[in-house]
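*Asks:* Quick one: the structure is below, and I'll ask about it shortly.
The values are calculated or read from the model by the stated rules, or taken from the named source; none is laboratory data. Quick caveat, the model's predicted, so the values are computed rather than measured. Cβ sites come from the backbone with ideal geometry, for glycine too, and all protein chains shown count toward neighbours.
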C-alpha cells in the first residue's frame with residue numbers, strides 16, 4: 001500500500017509525488033529524495049518526498065538469500081544505511097523546528113478562557129495540525145522500521161548503526177521536550193524509546209533471539225545511564241503486561257517464545273543498579289532537577305508569627321523552641337520528597353526494577369528460564385526490590401516442582417527468611433523432601449550440597465531434625481556412586497561435629513550385643529516430616545557398611561568415625577566436585593611405596609652378614625634359626641616369630657659366587 005502524501009487544498013492525496021525516473025537505482029533515489037528535504041533543503045520546502053523516502057526505506061530487505069552475491073549484499077547494506085541516516089537527519093531537523101512537538105512560532109495568538117482566567121495562547125491552524133499528524137505517522141513508520149533493522153538485519157554494522165540512530169533520536173527529542181517545559185524539568189521521549197525496547201525484546205530474526213553484538217552495544221547505555229535504565233524497566237514491564245491474563249481485559253495475545261529469554265538476558269547483564277541516591281548522577285538526556293518549592297508570602301509569614309498576647313516568643317519554654325526545628329525538618333523533608341522527580345528517587349528506581357521482574361514472573365516461564373532467574377535471584381534481584389516478599393508465592397510454586405528448580409527456589413526462600421523476616425515454617429520439611437536418590441546421581445549435586453551446607457549451618461537447629469538429615473544421607477549413600485559417597489561422608493562428619501547431641505548415632509549398640517542390629521532400626525524412611533522419623537534413636541550402621549566398601553578411598557574415609565572425633569571439620573569444597581574421572585586420576589597419580597609384595601617367596605638362605613661363610617662352630621644352625629624366624633614373620637607376624645623356639649636345620653653349603661653377584 002502506497003504512503004499518502006500531504007493533503008492539499010481541493011485535491012485528493014496522491015500515492016506518490018516524486019518525479020524521479022524509475023530507472024534510477026534505489027541508492028540514487030534515496031540520495032535525490034533526501035536532497036529535497038530539510039536539512040539539505042530550506043525549512044519551507046515541501047515535505048511530500050518524505051513519504052516516498054520512508055516507503056523506499058521500508059521496502060529494503062532485512063534478510064538476503066543464501067546464494068546472494070557479494071555485490072547484492074553490498075548494495076543492500078549501502079541502501080539501508082543511507083536511507084537510515086538520511087531519514088534520521090531529516091527528522092532531527094523537523095524536531096528542532098518544532099514541527100513534530102509543541103507549537104510553531106508562526107502560530108496565531110488568541111485569547112481563551114482558562115481556569116486561571118482569560119489568557120492569550122498560541123493556536124495553530126487546522127491545516128498545520130493535519131501536517132503535524134501526517135508527520136507523526138511518517139515518524140512512527142520510520143521508528144518501527146528502524147527497530148526491525150536493529151534486531152533483524154543480516155549485517156552487524158547496519159544493526160549497530162540503527163541502534164545508535166534510535167538512541168540519538170531519543171536524546172534529540174527528549175532535549176526538545178525539556179525545552180518546551182515551563183520550568184525546564186527533564187523530559188524523556190519514552191514513546192520513541194519504546195521502539196528501542198521492542199527491538200531488543202522482540203527482534204524479527206529467524207529464531208527470535210537478540211543478536212550478541214546488539215546486546216553488547218546496548219550495554220554502553222544500559223549499564224551507565226540512570227534515565228535509560230529507569231525507562232527501559234518501565235517500558236519492559238508495560239510490554240510484558242500486555243501478554244498477562246490478569247492485565248488484559250480480553251484474551252491476551254500469544255506469548256512470543258523468545259520474549260522472556262531476551263528480557264532475562266538483558267537483566268542478567270545489569271551490573272550497576274544504584275544502592276544510594278548519590279549514585280543517581282549519570283544521564284543520557286536532560287539532567288533532572290528538584291522542583292522549586294513555592295515560597296510563602298511575607299504577609300503570611302507575618303500572620304503566622306503574631307501571638308495573641310503580642311509577645312515575641314523569646315522567653316518561651318525550651319521544649320517548645322527545640323521541638324519546632326524538628327517539625328520544620330520533617331515538613332521540609334516531606335516537601336522535598338514531593339518535589340523530587342522520579343529519576344532522582346532511589347525508591348522509584350527500585351520500584352521500576354521490581355515491577356519489571358514481577359511482570360516477567362507473572363507469565364508462564366519455562367523450566368530453563370526459571371533456573372536462570374533462580375540462580376541470580378538472591379544476589380542480583382532481591383537486594384534491589386522494595387518488597388522482596390512478593391516473590392514468596394512464586395518461589396513456593398517453584399519449590400513444589402522439585403529437582404534443580406526446587407533446590408534453587410529454597411535458596412531464594414532461605415534468603416527471604418534470613419534477611420527479610422519471612423516466616424516459612426515448612427522450609428526444612430520441603431528441603432527434606434528433596435533428599436532422594438536422584439539428588440546423588442545428577443550433575444547439580446555439588447551445588448545442592450553447597451546450598452545444603454548453608455541451610456544446615458545454624459547450630460540452633462533441633463537435634464531430631466539434624467539426625468533425620470544425617471540418617472537420610474547415610475541411607476542414600478548405600479546406593480550412591482563412590483564420588484557421591486566421598487561428598488556425603490565428610491558432610492555427615494561436619495554435622496556431627498556441629499551438633500554433638502547427635503553423637504549417640506555412631507556409638508549406639510543393641511541391648512545384649514556388641515553391635516547394632518540394623519534389622520530393628522527405628523528410623524522411618526517414609527515419614528515426610530524430619531522431626532518425626534525417629535532418627536535420633538537409630539544408629540549409623542550405614543557408615544559401618546561403607547567401611548567395607550570395595551574402593552579403598554571410600555572405606556578409608558568412612559573409618560574416620562571409628563577414631564576419636566577430635567579432628568577439625570572438613571572443608572567441603574575439597575569433596576564436592578569429585579567424579580569417577582577424578583577418582584581414577586587420583587588412583588593413577590598415587591605414589592606406590594617400594595615394599596616387598598605380600599606373597600613374595602621366603603628367602604632360602606640367611607642374609608649376608610659380616611662373612612660369606614657360615615660359622616663352622618654352629619654348623620649352620622644359627623642361619624637356620626634366622627630363616628625360621630623370617631618364615632614365621634611372613635606367616636604369623638613378628639610376635640609369633642619371637643615366641644617360637646629355634647630349631648636347627650641343615651641348609652648345606654653356601655653358594656659364594658651367587659652371593660657375590662647378587663651383592
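*Asks:* Regarding residue 15, is this residue more than 17 Å from residue 140 (Cα to Cα) and at pLDDT 85 or above?
*Replies:* Judged against the criteria, residue 15 is not a match.
*Asks:* For the range 262-277, indicate whether the set of residues that are part of a helix (DSSP H, G or I), at pLDDT 90 or above, more than 24 Å from the chain's Cα centre (by Cα) and farther than 24 Å from residue 151 by Cα is non-empty.
*Replies:* no
*Asks:* Can we say residue 166 is over 23 Å from residue 102 (Cβ atoms) and touching a residue at least 24 places away in the same chain (Cβ under 8 Å)?
*Replies:* Taking the combined requirement at face value, the residue does not satisfy it.
*Asks:* Residues to consider are 171, 148; find the one that is assigned to a helix (DSSP H, G or I), touching a helix residue (DSSP H, G or I) at 6+ places or on another chain (Cβ under 8 Å), in the same structural domain as residue 84 (by TED's automatic domain parsing) and closer than 23 Å to residue 215 by Cα.
*Replies:* Going through 171, 148 in turn, the sole match is 148.
*Asks:* Still on this structure: Does residue 242 satisfy the criteria of being under 20 Å from the mean Cα position of the chain (by Cα) and closer than 15 Å to residue 360 by Cβ?
*Replies:* No, not satisfied.
*Asks:* Filter the range 441-454 down to the residues that are surrounded by fewer than 19 Cβ atoms within 10 Å (Cβ to Cβ) and closer than 22 Å to residue 533 by Cβ, then identify the one that is farthest from the chain's Cα centre (by Cα).
*Replies:* 453
*Asks:* Exactly one of these conditions fails for residue 188: (1) within 28 Å of residue 271 (Cβ to Cβ); (2) touching a helix residue (DSSP H, G or I) at 6+ places or on another chain (Cβ under 9 Å); (3) in a helix (DSSP H, G or I). Give me its number.
*Replies:* Of the numbered conditions (1) within 28 Å of residue 271 (Cβ to Cβ); (2) touching a helix residue (DSSP H, G or I) at 6+ places or on another chain (Cβ under 9 Å); (3) in a helix (DSSP H, G or I), the odd one out for residue 188 is (3).
*Asks:* For the range 509-527, which positions are exposed (fewer than 11 other Cβ atoms within 10 Å of the Cβ) and at pLDDT 75 or above?
*Replies:* The answer is 519, 520, 526.
*Asks:* Give the residue that is nearest to the chain's Cα centre (by Cα), with candidates limited to residues of the range 206-237 that are closer than 30 Å to residue 178 by Cα and free of Cβ contacts under 8 Å to residues at least 24 places away in the same chain.
*Replies:* 216
*Asks:* Here's a follow-up. Mind listing just one residue for me: the one in the range 546-571 that is part of a helix (DSSP H, G or I) and modelled with pLDDT under 90 and, of those, nearest to residue 494 (Cα to Cα)?
*Replies:* 562
*Asks:* Take the residues in the range 534-545 that are assigned to a helix (DSSP H, G or I) and without any contact (Cβ under 8 Å) to a residue 60 or more places away in the chain, then tell me which one is surrounded by the fewest Cβ atoms within 10 Å (Cβ to Cβ).
*Replies:* Filtering the range 534-545 for residues that are assigned to a helix (DSSP H, G or I) and without any contact (Cβ under 8 Å) to a residue 60 or more places away in the chain, the one surrounded by the fewest Cβ atoms within 10 Å (Cβ to Cβ) comes out as 537.
*Asks:* Would a scan of the range 41-49 turn up a residue that is part of a loop (DSSP other than H, G, I, E, B), in contact with a helix residue (DSSP H, G or I) (Cβ under 9 Å, 6 or more places away or on another chain), modelled with pLDDT of 90 or more and closer than 16 Å to residue 135 by Cα?
*Replies:* yes
*Asks:* Next question. In this structure, is residue 20 modelled with pLDDT under 95, part of a loop (DSSP other than H, G, I, E, B), more than 45 Å from the chain's Cα centre (by Cα) and not assigned by TED's automatic domain parsing to the domain that holds residue 153?
*Replies:* yes
*Asks:* Could you please find all residues in the range 548-566 being without any contact (Cβ under 8 Å) to a residue 40 or more places away in the chain and more than 20 Å from residue 590 (Cβ to Cβ)?
*Replies:* Matches in the range 548-566: 548, 562, 563, 564, 566.
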